[in-house]
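The values are calculated or read from the model by the stated rules, or taken from the named source; none is laboratory data. Model, not experiment: these values are computed from the prediction. For neighbour counting, all protein chains shown are included, and Cβ atoms are generated from backbone atoms with ideal geometry for every residue, glycine included. In case anyone asks, the SASA skips ligands and DNA or RNA and just uses the protein heavy atoms, side chains included. Shrake-Rupley method; radii C 1.70, N 1.55, O 1.52, S 1.80 Å.
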Amino acid sequence: MLILSEKLIFLLISVSFYLQAVEGQYRAVPVLFTIIFSAVSSLFEKSWVKLLLAGCFIAASLQFPQLLFFLPLICTDVYLSRYPAAALLAGLPVLLNRNDLSQDIPIQLFLLGLLGWILVRRALHISELREQAVKIRDDVKEKNLQLEQKQHELLEKQDYEINLARLAERNRIARDIHDKLGHQLSRAIIQLGALGIICRDSEAVKQIESVRLTLTDGMNNIRDSIHRLHNDSIPLEQEIRKMTEDFEFCPVVLDYSIRNEPSEKYRNTISAIIREALTNVMKHSQASRVDITIHEHPAFYQLIIEDNGSQRCLSESKQAKVPYNNLEKPNEIDGMGINGMRERVSELHGSINIFREDGFRIFVSLPRA
């Protein structure tokens, strides 16, 4: 665009210069010829084509002196080629026709040619600076994107390591409670049982038995809490794989593709739905295979559980052939397990679709926070 503007400037200067020096009825013909010739030359990018066309114009100016006034304009195309020094050939027709020209015209043509060279070099320099600026801008934008991606990866890795450390600490606490406090409570319960046997006071035996039962209940509560704490301390994939491996009713195929460990609320919901679904398969289905798919998407977690059996607990009239995803009201054909799934999904603002035709299929979508 810069070169075209420079050529337009030179065209106007050359035409003005030409109209002042040349008179005649057909003096517009060289102007039109020069405009067409320059426009055709601008269509070609190869240097040798520009040089060839410029050489033809210079040769034509030997026969038609009127074209001498437009040599500075034609030289701009030569300046754009690989051999800008070839523009010196434009001085040959000026020298050969100097006797037919006034004394100041060759000097003016030389100065215009020199000015054209300066303007073209300036335009090329500006174009190079613009290209460099665009390249620098693109490089900076690309590096910023790479840094953002690297930062995101580092944050994900940091969260993953923190979560692993948290799970490891939970596991250690559960193990310490089991090994130390559990052992002491068990010994105390045994001692109270022995004390109740040797004690002769019936009232004291009742009190001892009451204390023993209280400690036993406390021991059971601690054991349950330790088991839950231990289950929460292992990764979700490991928990689900152990769940599927322990399922002996039929083979379970697991497709797990979650890279980052979900938060506790998602872990509990996903594992609870899978556990309840496997329980339903074992109780109500005649399936020979169960497929479980767990995928991680940028905006949500997807859980799909499907088997190839049939729901024997439901009559033919109650077999639903359309998906059911009502999260607000219990379904009359659903039991507590499926209603519990629905409640868990609703708490995370997700969606659940259940199909009961040709096996039992559950589609769960949980939006990520």
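Please list LEU68, LEU164 from largest to smallest accessible area, probe radius 1.4 Å, with all protein chains kept in place. Mind dumping the intermediate values first?
Details: LEU68 0, LEU164 70 Å².
Putting LEU68, LEU164 in descending order of accessible area: LEU164, LEU68.
Stretch VAL134-ALA188 to full length: gain in nm at 0.36 nm per residue minus the Cα-Cα span? Walk me through the intermediate numbers first.
Values: separation 54, 0.36 × 54 = 19.44 nm, distance 7.92 nm.
Contour length minus Cα-Cα distance gives 11.5 nm.
Would you check the accessible area of HIS125, probe 1.4 Å, heavy atoms only, in square angstrom rounded to 10?
100
Can I get the semi-axes of segment 116-192's equivalent ellipsoid? Compute them from the C-alpha gyration tensor as square roots of 5 times the eigenvalues, in angstrom, largest first.
Numbers: eigenvalues 1062, 4, 3 Å².
Ellipsoid semi-axes (Å, largest first): 73, 5, 4.
Of all accessible surface on segment 15-89 at a 1.4 Å probe, what whole percent is carbon and sulfur? If you can, show how the numbers build up before the last one.
On the way: 2930 of 4290 Å².
Accessible surface attributable to carbon and sulfur in segment 15-89 totals 68 percent.
Can you give me the solvent accessible area of LEU53 with a 1.4 Å probe, rounded to the nearest 10 Å²?
Using a 1.4 Å probe on the heavy atoms, I get roughly 40 Å².
How much length is gained if the chain between ILE162 and ARG223 is pulled fully straight, taking 0.36 nm per residue apart and subtracting their Cα-Cα distance, in nm to one decimal?
Full extension of this stretch gives 19.3 nm more.
Suppose the chain between ASN144 and PHE33 were pulled fully straight at 0.36 nm per residue; how much longer would it get relative to their current alpha carbon spacing? Before the final figure, lay out the partial values.
On the way: separation 111, 0.36 × 111 = 39.96 nm, distance 5.25 nm.
Contour length minus the Cα-Cα distance gives 34.7 nm.
FRET efficiency for SER210 and PHE249, Cβ-Cβ distance as r, R0 = 51 Å, nearest 0.05?
Values: r = 43 Å, r/R0 = 0.84.
Once the sixth-power term is evaluated, E becomes 0.75.
Using only Cα atoms, figure out Rg for segment 30-110 and give it as a multiple of 2.2 N^0.38 Å.
On the way: Rg = 12.2 Å, N = 81, 2.2 N^0.38 = 11.7 Å.
For segment 30-110, the normalised Cα radius of gyration comes out at 1.04.
With the cut-off at 27 Å, tell me which of the pairs LYS46/LYS143; LYS46/LYS135; LYS7/LYS46 have Cα atoms farther apart than that.
Details: LYS46/LYS143 35 Å; LYS46/LYS135 24 Å; LYS7/LYS46 18 Å.
In this structure, LYS46/LYS143 lie more than 27 Å apart at Cα.
Give the accessible area for THR216 in Å² (nearest 10); use a 1.4 Å probe, count only protein heavy atoms, and leave out ligands, DNA and RNA.
40
Give or take rounding to whole Å, what are the principal axis extents of the alpha carbon atoms in segment 1-60, in descending order?
Sorted from largest, the Cα extents of segment 1-60 read 37, 27, 14 Å.
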